[in-house]
Structures are given as C-alpha cells and as structure tokens.
Amino acid sequence: MRAISHHLLVSLLDWRISTSRSLFSLRTIMSQSDHSSAFTTPRLVLKKVLAKSQHEGDGAVVRRGIGRSELKNLDPFLMLDHFSVSPPAGFPDHPHRGFETVTYMLEGGITHQDFAGHKGTIRKGDVQWMTAGRGIIHSEMPAEANNNKGLQLWINLSSRDKMMEPNYQELPSENIPRAEKDGVEVRVIAGEAMGVHSPVYTRTPTMYLVFCMMPGTQWHQRIPESWNAFVYTIEGEGVFGCPSSSPTVAHHVLVLSQGDGLSVWNNSSKPLRFVLIGGQPLNEPVVQYGPFVMNTQSEIEKTIEDYHYGRNGFEMSKYWMSQQ
Ligand code: FJE
Ligand code: FE
C-alpha cells in the first residue's frame, strides 16, 4: 500500500517537474470529481479593502465596498453598498439614469415606489433587479422598525443600453435557484453555479452568486476568464485564492486577479457567507454625477437638464411624489 502511494506520488512529482503545463494537468485531475468547477488558472486576491461604515441617503448607514475612493474602477461595477436602515431613515425620492441597481435583502425589508406606479416590498432573500435605463425616480424606504439590511449593487449599462426603457425583474426568494453540495450552498442571482441557472436577464453579462460554506468545506468556482470579479464577505472568515493566503473576515472587498476560477476554503468553526460578483467589462468612458452615469460630460449636463425640465424619460417627475 505504502509502496504504491509512494510510487504514485513520485510519478506525479516527476510529471510535474517534466511537464511545462504540469499545474494545468494536476488541477484538471484534482477537480475532475466536479466537472462544472474545473479550472486551470486560479484567480488570486489583488486587493483587500475594508468597507467602513458611512452615512448615505437620509440617515442611512452603508458600508461602501465598490465605489469608495480605493475601489472606483471595477468595470462594469459602479457601487456596492451593504446597507442598514431603520425608520425614519431611508432613501427618499431620487432619480437614476444609465445603469442598473440590484438590491438583495439579507434581513427585514425595503419598500420601493416609483414614478411609473410600481410599488412593492422586497424581504429577506428577495431580489429586485432594476434597469434604470433613460430614467427612474423612486424611493427606497425601510419596511420594518429595525434591521432592514441588504446589498445594493450598481452595474453600468453600455452606451447602447443607457437610454433604454426602464425595466424591473423581481425575484422572490423562492424563485432564486439554489443548490447545495458537500456543505456549500449557493444562491444564483445571476449566471450559473452547481449546474443551476438564474432566470435574470443581464444586459451587461454578469454573475452574482451568494455562497454559504459550512466549517471545513472548500469550493472551486469557475468565472469567465475575461471578466472582472470581486468578493464581498458578509459573515464569518474565509481563505480566498490559495490555501496559504491569510483569512479574510466580514465586510471586506477582495478584488480578484485574472484567471478562470476562484478557490475558497472555510477553515474556521463558523459558517462563511459571501457574494462572488463578476461581469464583462464595458471598456467605455464613465462620467458619474451622483445617480446619473453616462459616457461624457455633455451627456451628464443633458441628463441634469432632462431631470430638471422633465424630459426624455423624466416626464413624470413634475407630477409624482412618493406616499408616506
Ligand atoms: C443614491 C445617495 C444615496 N446606496 N443602498 C446618493 F444614498 C443613493 C441611494 C443608495 C441606496 C439605496 C438603497 Cl435601497 C441601498 C443605497 C445608495 O439611493 F442613489 C444617490 N445618488
Ligand atoms: Fe435608488
């Protein structure tokens, strides 16, 4: 027995030394048991940033991950806020143009109302995928007395989609595909994982996965090679990229290097919860003025005028106010 395993080890090592693409082959073999997660170039952590709390909206508290000064350029992502809001705080009537907002609730609820008559409340586990396109004016207010918490991601739209008609994709928790394997659970908000696919249509190709890993588990997730990708840790402690990297605790953004997959280990004694978000870069100029994101300064000036005079998508602004 010992002789055989020793022989196997030696031949594997020989092979590793003698083959130029040895790591490629070894990795392929290591992950053959789960074909869907096989990859060749692991992504590593390029940058690790703590998302400190700050005030936003009207008395709300957010941990801004993407969008803070150290994390401005993660094309196509503009912002990731981990928000916590209790009445009377909230995000009262405000406009958007030129991008999408994706709100995923972790606890409590958010009630949204917009100038086209849409109204609804999303609660724990639910997602609202809003494509602002040429214009939305809405309010986003807490639904419960305490602990209304979630993540809001802003995804840029390409120049050809910026002025599209606004659109909503609402996903109650029970319609978000979920899969579990060896103590690792994934909710697929966008894209694919463990063989399950999200029904969300992403104009800017995007993956948005929510993982919960039990103590002592590992996971190897494929990510399209040319995409930008990052992790945001919600709870617990995990090792990301390679087994020797130092553990990351909650509330950090990890920007990933190029590669075709990410490995994660939970060596701690508590569950690890994080999101893995990736998207195809648009490679277009970005000019942002608060909630307006366009390609040029003159488009921003035009947008401010459109909003002010109620034109080109903001017609209803003159007649609408959210109800308390
Ligand atoms: C906004 C300030 C804001 N993060 N997270 C300026 F607060 C907002 C805004 C939000 C927001 C809303 C929710 Cl529900 C969750 C958020 C910022 O609404 F859009 C601008 N321009
Ligand atoms: Fe908003």
Checklist entry - Short version: ³J(HN,Hα) in whole Hz for each residue of segment 258-274, in order, from phi by Karplus 6.51 cos²θ - 1.76 cosθ + 1.60 (θ = phi - 60°), x for Gly and Pro, what are they? => result 5, x, 10, x, 10, 9, 9, 10, 9, 8, 8, 9, 10, x, 10, 10, 7
Checklist outcome for this item: Taking the dipole of segment 170-251 about the Cα centre (Lys, Arg +1; Asp, Glu -1; charges at Cβ), the one of Ser226, Val184, Pro247 that reaches farthest to the positive side is Ser226
Next on the checklist: For a protection proxy built on the mean count of beta-carbon atoms within 10 angstrom, sort 193-206, 172-185 highest first, please.
Outcome noted: 193-206, 172-185
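Under a point-charge model restricted to the Cβ atoms of Lys and Arg (+1) and Asp and Glu (-1), what is the dipole moment magnitude of segment 45-279 relative to its Cα centre, in debye to the nearest 20?
Values: 22 positive and 24 negative charges, 82 e Å.
Computed charge dipole of segment 45-279: roughly 400 debye.
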Checklist entry - Taking the Cα centre of segment 60-192 as the origin, how large is its charge dipole in debye, to the nearest 20, when only Lys and Arg (+1) and Asp and Glu (-1) carry charge on their Cβ atoms? => result 340
Item to check | Taking the chain and dividing mean pair separation by its residue count, relative contact order in percent (alpha carbons under 8 Å, at least six apart) | outcome: 19
Checklist entry - Tell me, in nm to one decimal, what length is gained between Lys119 and Ser173 on full extension, where the rule is 0.36 nm per residue of separation less the Cα-Cα distance? => result 17.7 nm
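If each residue of separation counts as 0.36 nm, what is the full-extension length gain between Arg160 and Thr40 once their alpha-carbon separation is subtracted? Could you put the intermediate results ahead of the total?
Details: separation 120, 0.36 × 120 = 43.20 nm, distance 3.41 nm.
Result: 39.8 nm gained on full extension.
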Checklist entry - Using 1/(1 + (r/R0)^6) with R0 = 51 angstrom and r between the beta carbons of Gln218 and Lys318, what's the FRET efficiency to the nearest 0.05? => result 0.35
Checklist entry - So for the pair Ser53, Asn267, with labels modelled 7 Å out along Cα→Cβ, what separation do we get in nm? => result 3.1
Item to check | Residue with peak Gaussian network fluctuation, the chain [Cα springs, cutoff 10 Å], from Arg160, Arg311, Arg222 | outcome: Arg160
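Values in this text are rule-based calculations from the coordinates and carry no lab data. Note that this is a predicted model, so its numbers are computed, not measured. Because the Cβ atoms are built from the backbone with ideal geometry, glycine has one as well, and the counts that use them run over all protein chains shown.
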